[in-house]
Amino acid sequence: MITGSDFLNIISRRQSDRAYHTTPIEKEKLDRILEAARIAPSACNAQPWKFIVVDNSELKNKIADCTSSKLLGMNHFTKQAPVHIVIVEEKANFTSSAGSLIKNKTFPLIDIGIAAEHICLQATTEELGTCMIGWFDETKVKKLLNIPKSKRVPLIITIGYPAKETREKRRKPLNDVVSFNGY
């Protein structure tokens, strides 16, 4: 069993990797990553997601082209990653949908964020790197993957063996982001 400090070490090593070796990912590792996503909790157990694994090199490169911006110089590293996981937002169940409406919170997006982080944390334990991509041409991605026009694609996650070491985290001090019993 892993300890609390073991888990904190995993979290400390998780980062957004923007350089990868092209080494393929072993099926067993990818299966564990996908299982971590599948078992993620969701509001009212809605499980409002579908995970599309893109590991075909030609198709993956076309998806990577949808994430790059020449104008802004963004995401040019995505072709290096051997796998992209495209997350599709699926319809939530009645209870989650009603809760979203009543509480003015988009529970499916919160749920997808949790599942996405499960993917990234499991990948970290597998010595793999990840990067969540929110900047991409959603229309082109949906067309390439035959995703219905009515669906949304909130995230793409690149996965591969990182080409760079873990960076030192630059975060605000704990006292700046935590308070007890009030704001």
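Things worth noting here:
- Relative to the current alpha-carbon distance between residue 137 and residue 9, full extension at 0.36 nm per residue lengthens the span by 42.6 nm.
- All lysines inside 27 Å of residue 169 as judged from Cα atoms, apart from same-chain residues fewer than 8 positions distant: 29, 79
- About its Cα centre, the dipole of the chain is roughly 620 debye, where the only charges are +1 on Lys and Arg Cβ and -1 on Asp and Glu Cβ.
- Listed residue (57, 44, 24) projecting farthest to the positive dipole end of segment 4-57, Cβ model: 44
- Table column - 3J(HN,Hα) (Hz), segment 27-33, Karplus curve with 6.51, -1.76, 1.60, x for Gly and Pro: 4, 4, 5, 4, 4, 5, 4
- Near residue 83, the amide H atoms lying under 5 Å from its own belong to 159; only residues 5 or more places off or on other chains count, and H is placed 1.01 Å from N.
Read-outs throughout are calculated quantities, based only on the coordinates presented, and are distinct from any laboratory measurement. Just so we're clear, the structure is a prediction, and the values are computed from it rather than from any experiment. Neighbour counts are summed over all protein chains in view; Cβ atoms, including those assigned to glycine, are modelled from backbone coordinates with ideal geometry.
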